[in-house]
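The values are calculated or read from the model by the stated rules, or taken from the named source; none is laboratory data. Treat the numbers as computed from the prediction; the structure is a model and nothing was measured. Reconstructed Cβ throughout: ideal geometry from the backbone, glycine too, with neighbour counts over all protein chains shown. Just so you know, the surface numbers come from the protein's heavy atoms only, side chains and all, with ligands and any DNA or RNA stripped out. Shrake-Rupley method; radii C 1.70, N 1.55, O 1.52, S 1.80 Å.
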Amino acid sequence: MNMTSELHTREIQRRRICVRGCVQGVGFRPTVYRYARQLNLAGLVRNDSEGVVIELQGPLARIEEFVNQLQHNPPPQAQIDDLTVAPIKLLDDAVVFEIVESTRSGRLEAGMPPDLATCDDCVRELLDPSNRRYRYPFLNCTNCGPRFTIIKELPYDRHKTSMADFHMCAACQHEYHSPENRRFDAQPNACPDCGPRLELTTADGEVIAGDPVHQAAALLKGGAVLAVKGLGGYHLSCAATNAAVVHKLRDRKKRPAKALAVMFASIEQVRECCKVSEREEAELLSPRRPIVIVNQRSESRLSAQVSPDTGDIGAFLPYTPVHQLLLNETGPLVMTSANLSEEPIISCRTELTKLLGNVAEYVLDHNRNIVRRCDDSVLKINRGRRLFIRRSRGFVPTLVKLPDDGPTILACGADLKNTFCVAVGNNAYLSQHIGDLAELAANRFHRVAIDDLLNLLQATPVAVVHDMHPSYQSTACARHLPAGEKIAVQHHHAHIVSCMIENQRIDPVIGVALDGTGYGPDNTIWGGEFMVAGLGGFERVGHFKQYPMPGGDAAARNPVRMALGILMHEGYEVRDVHTIPGLHDIPQAQRCILTQAVARGINSPMTSSAGRLFDAVAALLGLCTHADYEGQAPMRLQAVADVSDGCAYNYTVIDNDTITILCFSKTIEGIVQDLENGVAMARIAGMFHRTVADAVVEMCVRIRQHHHLQTVALSGGVFQNELLLNLVNDGLEMRGFEVLQHNVVPPNDAGIALGQAAIARQGKILCV
Ligand code: ZN
Ligand code: ZN
Ligand code: FE
């Protein structure tokens, strides 16, 4: 270092540092306070409307050290999007560093973090008999606890949360006001003397005496089903090792087969039952605490009833002190949203009571209101990256960056697995999981949640976007909203653009949307689509061969119908195909009706859906003729598939004048032959996966020749199948493509709203 720069760094300066991002309600100011004190810097820190403002006075070198420290070691739950440093005038009397009282931000990006799992410090206190919060089920601190689910309105202040009902005792007040305390400014701060309380009741509301956690644990171990109030709603819970009670819960919840999530007391307990990678462990332990889908060990002691279709388990760890205390006394517990089938999660006792008599015998309840329902998030770790099935608790309301500023837009999403999205400035806010809008309760929740998010954002949309599908509930919702402009966006275009946006791409790509179904502008049902897509529009350049869906939507629930439709369309005499296991499940009379319907084209719309093709193949193999839930057939097909021999079936690519058809007739022929020859199911399923992947890659190579595009975006619900996703990805990369995948929003219809918003934005920008 030379003389001048050394002098320069020793010189006393004053700097203003503005920090933007998720920096309020996450212990930012006390961290700044600690760092400044450690470095002997004078000045102040305060919240402002957009984030946090820091003024520092001292030797420049130390100010630089401070900035470095803050950027590399911010508070664990903060997210710094932007940090600027500017020189300001020296103050003569600056000697101390202080936290200045100021109003918190009313802006959602700065002032509302997602709900955070109980931190290690709090868990230690929870289990420490000498601590005043020993076994107190609502302890939290600046780094953890409820946020999104307790905030009524912004700015995030205690009196605007459901903690307003509780008055902090003197000891809690003291913690709350002391910058050195880890509960400084922790809005939900509480203790046994002043905070919420747990209560165990019967379904009828009769209070059961004694320690609620001990009693609840004993009941669970004895084979009871309990409703347990969590962060974003009630769970239904029972012992995951007890087949009879899991069966009872399934029966009562009307959920015959779909996998149930299991909560484990600790990561060690997860390891006993499941094979978990380092990355999966990190995700399970993260303060977002999603349900992570992991492989179950063959020696696992969980009941086979928990996840009958695949070897996988949706595992998660306790994220509230209530869960932690309970799980410490029980074995692994089934924890599934308290609701019926696809309805929204239940968040208040009145709703629960309607359901209870039939579903749970007891309720582990508490008196802190849930302001906002929020289901658990569900994801897989695929090759070290998140593959979301559902993005909700722990991730919402974290924003997704848009490429540009623009007008405020509300995108209503699609009907299945609905989420919606509000775009403000260059931020997109995706909602929590809403559900299937065909369910009345979910439809109502959709409207309530839209008003709620718009209110939190203080946003008034100038345009409302919806799916092109004329009879979607989300379309009807958009029509009823007051905004001036209504914009219809094609379903698969929205899928592809959502993938582009989360990968921060705006230039046109080759889009491959493999999906269940979506409305096509040509009045057919799309779902195996190849497009050249940009934010401003798309051109459909290819698709899967179309097949009839006997009975329309009923075919989606009954994969065997799809198998029948495909066989007939391929010219098989269905009577003669005795060797196909799946076909035995259709009664003779129904087979007659269906074959006639297909032959005459009655109620058998044509679809290019990739999802339905997977359904049909699963049905041909006899794996799933009637689906208990969406995606059951392809999940079972994936679970049995063995791709290790590298073989595939034939397929053909047919170039029409305007469009290229990817034709799986030869694939079907090969599968039928293999079934007749008694080839193992694992091999047939594996070869089918590889065939689809090879065919997708060949289509992309052809599209590249015409359109000179090197980047492929993969989206649509079929890409929840990581076996297929990885085969397609590797095939494309081997051919020199750059591949965009989802890891911020789900590839299924829960990601649609983001694409809708970005497309509408582009439309607006072009119009201006
Ligand atoms: Zn904590
Ligand atoms: Zn207290
Ligand atoms: Fe879709």
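Computed from Cα atoms, the angle from the helix 722-734 axis to the main principal axis of the chain rounds to 90 degrees.
Can you figure out the FRET efficiency of residue 591 with residue 121, using R₀ = 45 Å and their beta-carbon distance, to the nearest 0.05? Kindly include the intermediate steps, with their values, before the conclusion.
Details: r = 64 Å, r/R0 = 1.42.
The pair residue 591/residue 121 has a calculated efficiency of 0.10.
Overall dimensions of the range 670-735, expressed as equivalent-ellipsoid semi-axes from the Cα gyration tensor (√(5λ), whole Å, largest first), are 27, 14, 9. In degrees from 0 to 90, rounded to the nearest 10, what is the angle of the helix 752-767 Cα long axis to the longest principal axis of the chain? For 752-767 against the chain, the angle is about 80 degrees. The angle separating the long axis of helix 440-457 from the principal Cα axis of greatest extent in the chain is about 40 degrees. The value obtained for the range 358-488, namely the Cα convex hull volume divided by the number of residues, is 158 Å³ per residue. Relative to the current alpha-carbon distance between residue 164 and residue 211, full extension at 0.36 nm per residue lengthens the span by 14.4 nm. Peptides 504-516, 469-481 ranked from most to least packed by the mean count of surrounding Cβ atoms within 10 Å: 504-516, 469-481.
Each peptide among 227-237, 489-499, 731-741 gets the average number of other Cβ atoms lying within 10 Å of its residues, and from highest to lowest they stand as 489-499, 227-237, 731-741.
The listed peptides 356-364, 205-213, 524-532, 276-284, ordered by packing as a protection proxy, come out as 524-532, 356-364, 276-284, 205-213 (highest mean of other Cβ atoms within 10 Å first).
Among bridges DSSP assigns within the range 448-552, what percent are antiparallel (round to 5)?
Numbers: 14 of 19 bridges.
Counting DSSP beta bridges with both partners in the range 448-552, the antiparallel share is about 75 percent.
Rounded to the nearest 5, what is the percent of antiparallel bridges among the DSSP beta bridges in the chain? So the antiparallel bridges amount to about 75 percent of the total. Dividing the helix sum by the residues of the chain, where each DSSP H run of 4 or more adds -39500 (n - 2.57), gives a mean residue ellipticity at 222 nm of -10000 deg cm²/dmol. Return the whole-Å distance between the Cα centroid of the range 605-630 and the Cα centroid of the range 363-393. First find each Cα centre; the distance between them is then 29 Å.
A viscosity of 0.890 mPa s and a temperature of 25 °C, combined with the Kirkwood radius over Cα pairs in Stokes-Einstein, give a translational diffusion coefficient for the chain of 88 µm²/s.
How much length is gained if the chain between residue 441 and residue 86 is pulled fully straight, taking 0.36 nm per residue apart and subtracting their Cα-Cα distance, in nm to one decimal?
Working: separation 355, 0.36 × 355 = 127.80 nm, distance 5.17 nm.
Result: 122.6 nm gained on full extension.
Please tell me which of these pairs span more than 28 angstrom C-alpha to C-alpha: 275/666; 221/354; 229/486; 254/545? Flagged as over cut-off: 275/666; 229/486; 254/545. Each 10 Å bin from zero holds the following percent of Cα-Cα pairs in the range 47-188: 9, 34, 34, 18, 4, 0. At q = 0.25, 0.30 Å⁻¹, what is the base-10 log of I(q)/I(0) for the range 327-375 according to the Debye formula with one equal point scatterer per Cα and no solvent? Please give it to two decimals. Here log10 of I(q) over I(0) equals -1.17, -1.33.
Between residue 101 and residue 252, the FRET efficiency estimated from the beta carbon spacing at R0 = 60 angstrom works out to 0.70. In the complete set of protein chains, residue-level accessible area for residue 221 is approximately 130 Å², probe 1.4 angstrom. Charge dipole of the chain (Cα centre as origin; +1 on each Lys and Arg Cβ, -1 on each Asp and Glu Cβ, all else neutral): 820 debye, rounded to the nearest 20. Derived value for the range 550-683: Kirkwood hydrodynamic radius 15.3 Å. Basis is the mean of 1/r over every pair of different alpha-carbon atoms.
Per-residue accessible area (protein heavy atoms, 1.4 Å probe) orders 575, 34, 704 as 575, 34, 704, starting from the largest. Length available on full extension from residue 49 to residue 329: 0.36 nm per residue minus the Cα-Cα distance, which gives 96.3 nm. From the alpha carbon centroid of the range 135-166 to that of the range 270-335 is 27 Å.
With the alpha-carbon atoms of the range 640-766 aligned to their principal axes, the span from lowest to highest coordinate is 59, 34, 24 Å, starting with the largest.
Applying 1/(1 + (r/R0)^6) with R0 = 25 Å to the Cβ-Cβ distance of residue 706 and residue 524 gives a FRET efficiency near 0.60.
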